[in-house]
Amino acid sequence: MAHDPSRGPLTGHTALVTGAASGIGAAVARRMAADGATVLAVDLNSAGVKALARDVPGIEPVTCDLSDLEVVDALPAEVDVLVNNAGLQHVAPVHEFDPARFSQILTIMLEAPFRLARRTLPYMYDRGWGRVINISSVHGLRASPFKSAYITAKHGLEGLSKVIALEGAPHGVTSNCINPAYVRTPLVEKQIGDQARQHGIGEDEVVEKIMLTPVAVKRLVEPDEVAELAAVLYGPASASLTGTSLTLDGGWTAH
């Protein structure tokens, strides 16, 4: 029997969340477990997902390197809600960008989501219900310098999400992207130092002059806010919400 804390909307369902050891992934995994799901928390950081599973009933840790596509293809297929969240960042101008790093980022952030969708969609189709939630970014809709691989991957994820939405609609499966601005996560914290070096400014200036300049709401997004928006995408109002990109960007794309 699936995890059932209070007969929430995901009771009886299994969710798989990548990049679940920290940040957005951990917040989404906690929210789904609170809604009754059995959550497969997937991450390369084995200690992180095991700690999360110890703290939160209903979460099962799964250690996986998403750059190893044979391992990705062996992950469980019996999944009702797929959350493609795992990501990494590398900051460098295009003419200095390491091609191996570019390929690794696209493998983890674009091909692994495709492989996971390809693996889990038949189960969702058989059940007549499923949700694919892609944690994209404002950078799936806009570009910034020095992030060619990340932005390429996010733009590709946007297209993949729309194709899944069109194909999944007759089977009761929806697919959407969530597009936050900078979220207070370990990934962003590491970026601050990288950006400071690229631009030759202090870390405080990176947050103020680079990260928050394009947004109207001058604050970082919190991971739990992203998790709450994810809950809308699998909740009772989600049946016709598909093929879209929900911005949580503080007004960035309003410019």
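Taking 7 Å steps out from each Cα toward its Cβ at A100 and R127 produces label points 4.0 nm apart. Placing +1 on the Cβ of every Lys and Arg and -1 on the Cβ of every Asp and Glu, with no other charges, gives the chain a dipole of roughly 340 debye about its Cα centre. For the stretch 129-243, a simple Cβ point-charge model (Lys and Arg +1, Asp and Glu -1, everything else neutral) yields a dipole of about 280 debye relative to the Cα centre.
The HN-Hα couplings worked out from phi for the stretch 209-221 by the Karplus form 6.51 cos²θ - 1.76 cosθ + 1.60 (θ = phi - 60°) are 8, 10, 6, 9, 4, x, 9, 7, 8, 7, 7, 6, 6 Hz, whole numbers, x standing for Gly and Pro.
Each label was represented as a point 7 Å from its Cα along the Cα-to-Cβ direction; for A143 and S238 these points are 3.3 nm apart.
Extension gain, E205-A77: 0.36 nm per intervening residue step, less the Cα-Cα distance, totals 41.6 nm.
When the alpha carbon gyration tensor of the chain is reduced to an equivalent ellipsoid, its three semi-axes come out at 29, 19, 18 angstrom, largest first. Neighbours of E189 by Cβ distance under 14 Å: Lys/Arg scored +1, Asp/Glu scored -1, total -2.
Hey, quick one: spin label on D68, modelled 7 Å out along Cα-Cβ, who in the stretch 83-115 has an amide N within reach, i.e. under 15 Å? It comes to 108, nothing else. Here the peptides 106-114, 35-43 are ranked by packing, the mean other Cβ count within 10 Å, and the order with the highest first is 35-43, 106-114. Can you tell me which lysines have their Cα less than 30 Å from the Cα of K162? Leave out same-chain residues fewer than eight positions away. Within the straight-line cut-off, K162 pairs with K147, K154.
3J(HN,Hα) along the stretch 239-254: 4, 9, 9, 8, x, 10, 10, 9, 7, 10, 10, x, x, 3, 7, 6 Hz, from the Karplus curve 6.51 cos²θ - 1.76 cosθ + 1.60 with θ = phi - 60°, whole Hz, x for Gly and Pro. Per-residue packing, averaged as other Cβ atoms within 10 Å, sorts the ranges 20-31, 91-102 into the order 20-31, 91-102, beginning with the highest. Legend: ranking of residues I135, I192, I178, I201 from fewest to most surrounding C-beta atoms inside 10 Å; resulting order I201, I192, I178, I135.
Taken together, the values in this text are just the output of simple stated rules run on the coordinates, not laboratory data. Remember, predicted model here, so these are calculated numbers, not experimental data. Note: ideal-geometry Cβ built from the backbone for every residue, glycine included; neighbour counts use all protein chains shown.
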